[in-house]
Amino acid sequence: MYNEGMLRDNALKGKTILVTGGGTGLGRAMSKYFLQLGANVIIASRKLPVIEQAAKELQEEAGGTVLGLSCDVRIYDEVEKMVNAGIEKFGKIDVLVNNAAGNFVSPTERLSHRAIDTVVDIVLRGSYNCTLALGKKWIAEKQKGAVLSIVTTYAWTGSGYVVPSAMAKAGVLAMTRSLAAEWGRNGIRLNAIAPGPFPTEGAFSRLFPAEVAKMMDPKTKIPLGRYGELQELANLAAYLVSDFSSYVNGDVVTIDGGEWLYGGGEFNMFSHIPKEMWDMLEEAIRSTNKKSKE
Ligand code: HXC
Ligand code: NAP
C-alpha cells in the first residue's frame, strides 16, 4: 500500500520544519505529512494568498500549527525575514526543506539570458540563500539541523530542454554533498531526494503541456509503469528529516520507479519488443552464430 504513512505517530514531534514552496504540489504533500507526524510547519513562497489558503487547509486536514509566510527565496533579505519570523513564532527551526523551484521546457537557444537567470536564481540561489541563513543561525547557536533539498535525476544525467534547471539542480546537489562534509561536525545533516515524474499541476503544466502529452507518455520510460504517489515521496522525506536517519548525511535518494537507469541502459528499450517476437529473434541470432562457426 503506497498511500499509507510510514513513520510511527509523533515521529516528528517537537520539530519545526520550514518548507519553501510548501503551498502547492510536493511541498504541500510533505508539509501535510510532517504535520500529521506532530511537527510545526512553516510554508513560504511568493504568492501570499496561495500560502495563506494552504496553511488554513493544512491545519484543518492534518492538525498542528502552520505558519504561512510570503518570501521570494531569490532575495536574501526576504529569506532572513522568513527565518526570523519562523523563529519568533516557534522558538527555533530544526529542518529546512529546499523545495521551491521554477522550470519550463524550451530549446535553450530560444531562451533569453533573463529566462535562464530566473530558473537558476529560484532553484540554486534560493536553495543556498535559505541554507546559509539557517546554517549561520544553527552554528552560532550550537543547534543541530537538517536540510533536505528536492533535486531531480537530471542533476547528474543532465537533460536537454530544461538546461537552466539541470544546471541549478546539479549545483544544489553539489552544495548538499559539500556542506554535508563541512557542517557534519556542527551536527548539521544535508541530504537530497531526486524524484522522477510526480503529476503536480505546477510541474506538469510547464513540462508536459497538453500538446506534448498527446505526443508522448512519460510513463513509457518508467520500468514500474506509473508515476510516483505523493505519499511515497512524503514518506521518504519524513524519514530523511527525522532522527531515524541521524547517520544519513550527504546522500541523494532517487525515487523514480527506475526511470533514469532505464534511460541509460543500452538495451532497455528492448522492453518494447513483443514477447512473441523473441522466438523469431532467438532463431535469427542462433543461425548467425551457427554460420560464423562454419
Ligand atoms: C521561454 C520564458 C518562458 C517560456 C518565461 N520565460 N516562460 N522563456 N519559454 N515558456 C522568460 C520570460 O519571458 C522572462 O524573460 C523570464 O523567463 C522570466 O519570466 P517571468 O514570467 O517574469 O518570471 P517569474 O514571474 O519569476 O516566473 C518564473 C517562472 C514560472 C519559472 C517562469 O514558470 C514560475 O513561476 N514557476 C514556479 C513554479 C514551477 O516552475 N514549478 C515547476 C517545478 S517542476 P524576458 O527575457 O522576457 O524578461 C520541476 C520538475 C523537474 O522543477 C523534474 C521533472 C521530472
Ligand atoms: P510546484 O507545485 O510548482 O512547486 C514549486 C513551488 O515553488 C511553488 O509553490 C512556488 O510558489 C514556489 N516558488 C517558485 N518560485 C519561488 C520563489 N522565487 N520564492 C519562493 N517560492 C517559490 O511544483 P512541484 O512539482 O511540487 O515541485 C516541487 C519540487 O519538486 C521542485 O523542487 C521540483 O523541482 C521538484 N521535482 C518535482 C518533480 C515532479 O515531477 N513534480 C520531479 C522532480 C523534482 P509561488 O509561485 O507562490 O512562489
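Structural remarks
- Verdict on Leu190 being within 16 Å of ligand 2 (Cβ to nearest atom), among the aliphatic types (A, V, I, L, M) and either more than 17 Å from the chain's Cα centre (by Cα) or within 24 Å of Arg114 (Cα to Cα) (or both): no
- In the set Thr108, Thr118, only one residue is over 26 Å from Gln36 (Cα atoms), surrounded by fewer than 14 Cβ atoms within 10 Å (Cβ to Cβ) and within 16 Å of ligand 1 (Cβ to nearest atom); that residue is Thr108.
- Checked against the criteria, Asn186 does not count as among the polar types (S, T, N, Q) and surrounded by 19 or more Cβ atoms within 10 Å (Cβ to Cβ).
- Taking first residues from segment 29-42 that are of a type in the set (S, T, N, Q) and partners that are more than 15 Å from ligand 2 (Cβ to nearest atom), the Cβ contacts under 7 Å between residues at least 6 apart in sequence or on separate chains come to Gln36/Gly5; Gln36/Ala62; Asn40/Thr16; Asn40/Gly64; Asn40/Thr65; Asn40/Phe90.
- Considering the conditions (1) more than 10 Å from ligand 1 (Cβ to nearest atom); (2) part of a helix (DSSP H, G or I); (3) at pLDDT 95 or above, Gln143 is excluded by exactly one of them, (2).
- Some residue of segment 63-71 being under 20 Å from the mean Cα position of the chain (by Cα) and not small (Gly, Ala, Ser): yes
- Here Leu207 meets the list (1) under 18 Å from Ala101 (Cα atoms); (2) without any contact (Cβ under 8 Å) to a residue 12 or more places away in the chain almost entirely, failing just condition (2).
- Any hit, segment 121-140, residues being in a loop (DSSP other than H, G, I, E, B) and more than 11 Å from ligand 1 (Cβ to nearest atom): no
- Test for Pro199: is it assigned to a loop (DSSP other than H, G, I, E, B), within 14 Å of ligand 1 (Cβ to nearest atom) and surrounded by 12 or more Cβ atoms within 10 Å (Cβ to Cβ): yes
- Residue count for segment 206-218, restricted to those that are within 12 Å of ligand 1 (Cβ to nearest atom) and open to solvent by 60 Å² or more (accessible area, probe 1.4 Å): 2.
- Pair list, Cβ < 7 Å and 6+ apart or interchain, from segment 136-163 residues that are on the phi > 0 side of the Ramachandran plot to residues that are open to solvent by less than 70 Å² (accessible area, probe 1.4 Å) and assigned to a loop (DSSP other than H, G, I, E, B): Tyr161/Val105; Tyr161/Ser106; Tyr161/Pro107
- Residue satisfying condition, being closer than 19 Å to Thr200 by Cβ, away from ligand 2 (no atom under 13 Å from the Cβ) and touching a residue at least 12 places away in the same chain (Cβ under 8 Å), within set Ala115, Ala100, Ala62, Ala54: Ala62
The values are calculated or read from the model by the stated rules, or taken from the named source; none is laboratory data. Please read these numbers as outputs of a predicted model, since none were measured by experiment. Cβ coordinates were reconstructed from backbone atoms using ideal geometry, including for glycine residues, and neighbour counts include every protein chain displayed. Note: areas computed on protein heavy atoms with side chains; ligands, DNA, RNA excluded. Shrake-Rupley method; radii C 1.70, N 1.55, O 1.52, S 1.80 Å.
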